[in-house]
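Take a look at the structure below.
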Amino acid sequence: MPHIIIEHSASLQCDLTHLTQSIHQSTIETNLFDEQTIKTRRIAFAECILGDGKQDFVHIQVHLLVGRKQAQKQMLSEKLLNNLKSLLPESVSLSVHPYDLDPAIYRKN
């Protein structure tokens, strides 16, 4: 854990492999997780309408098992958002949201 899911508009113009690797590395650098447990993936959305008038977006979901302190989740969010800001122009809508997973119902193989 965690699962890092990078959602973005398909029209986003950047090196997407570098974006994925950079977000994965930033997650490692928080020292909140065992590096071997971090899973990062990326999903492109063919169509989107953004209320802020921007044409492209990147949204990062961070799925965590319950137990992280609020301050840890805030630090993680800030680190990932700052990384996005360094990689992408201001014309891209950016957001990050950690989610707690309930260990009573989460299953994995």
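Summary table
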| quantity | calculated |
| --- | --- |
| Qualifying position, being closer than 22 Å to Ser86 by Cα and touching a Lys or Arg at 6+ places or on another chain (Cβ under 6 Å), among Ile6, Ile43 | Ile6 |
| Condition met for Lys79 (at pLDDT 95 or above and of a type in the set (D, E, K, R)) | yes |
| In region 40-93, residue farthest from Ile4 (Cα to Cα) [restricted to those that are basic (Lys, Arg) and touching a Pro at 6+ places or on another chain (Cβ under 9 Å)] | Arg68 |
| Selection status of Glu78, among the acidic types (Asp, Glu) and over 12 Å from the mean Cα position of the chain (by Cα) | no |
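The values are calculated or read from the model by the stated rules, or taken from the named source; none is laboratory data. As the structure is a computational prediction, the values presented were derived from the model and not from experiment. Neighbour counts run over all protein chains shown; Cβ positions are idealised from the backbone, glycine included.
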